[in-house]
Amino acid sequence: HWLQPDNIIFKISVPAIGEIEITGKDLAAPISMQSAFHDNLHIFCMYAMWTDGFELIDGKINYAKEDSQRLKDQVQVDERCLSFGEYAVIVPAVQFIEKVKIALEREKKTPIMRLVDYFDGEKFNGEIDVREIPFKKLDKFSYQKEFRICIDNQTKGDDPYTLSLGNITEISALVKSSEINMIFNIDAILKD
């Protein structure tokens, strides 16, 4: 649940004290409530470079000249992400996801994989479906453009989960994070 202060009244019964009422006047920000179910999920997060509103023709993005800045903005990694580590590994989505699926099938695991949806925490008020929670995040983090792989392997605790994909050197490139935005070129196929 994500509840705006002006839309709620909490009544709490405290033994030996009685009922306490908390209203929006008592709160400085929205209230987030969640179940413990998600505490034991294993979630792999990574930056997802993608474009919206452009067509791919023969491996190149088709765009009008007036859309060039919008396209460039979509394929640039936000500077804040570049501070997450000295190096980044670039992998093409289709091949990487295929390797993940094969590895998880071997272990008889069913993942949920998709882009994160970002929401306005100042405006949204309501319940988020329990299955959607791992894929919802405040819009102040939208610069992270996350893709997540979520696995419920029925374990409890803080133990890590290791998934062996095998060798991915043939589909990946290790680059300095500081150089990542210089790597991606935008070749134009201008619309008539």
Review point. Does the stretch 39-52 contain any residue that is surrounded by fewer than 14 Cβ atoms within 10 Å (Cβ to Cβ), within 30 Å of GLU146 (Cα to Cα) and at pLDDT below 80?
Key: yes
Revision key, fill the gap. ALA93 meets each of (1) in contact with a helix residue (DSSP H, G or I) (Cβ under 8 Å, 6 or more places away or on another chain); (2) of a type outside the set (S, T, N, Q); (3) touching a residue at least 24 places away in the same chain (Cβ under 8 Å) with one exception, condition (1)
Study note, to complete from the structure: Here the residues within the stretch 96-115 that are among the aliphatic types (A, V, I, L, M), in contact (Cβ under 8 Å) with a residue 40 or more places away in the chain and within 29 Å of HIS1 (Cβ to Cβ) are LEU115
Revision key, fill the gap. Considering the stretch 1-31, residues that are assigned to a strand (DSSP E or B) and touching a Gly at 6+ places or on another chain (Cβ under 9 Å), and then whichever is farthest from PHE124 (Cα to Cα), we arrive at ILE9
Exercise for review: Residue by residue through the stretch 35-88, note down the ones that are touching a residue at least 40 places away in the same chain (Cβ under 8 Å), farther than 30 Å from GLN154 by Cα and in contact with a Ser or Thr (Cβ under 7 Å, 6 or more places away or on another chain).
Suggested key: ILE61, LEU71, VAL75, LEU82, GLY85, GLU86, TYR87, ALA88
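The values are calculated or read from the model by the stated rules, or taken from the named source; none is laboratory data. The structure presented is a predicted model; accordingly, all values stated were derived computationally and were not measured. Cβ: placed from backbone, ideal geometry, glycine included. Neighbour counts: every protein chain shown.
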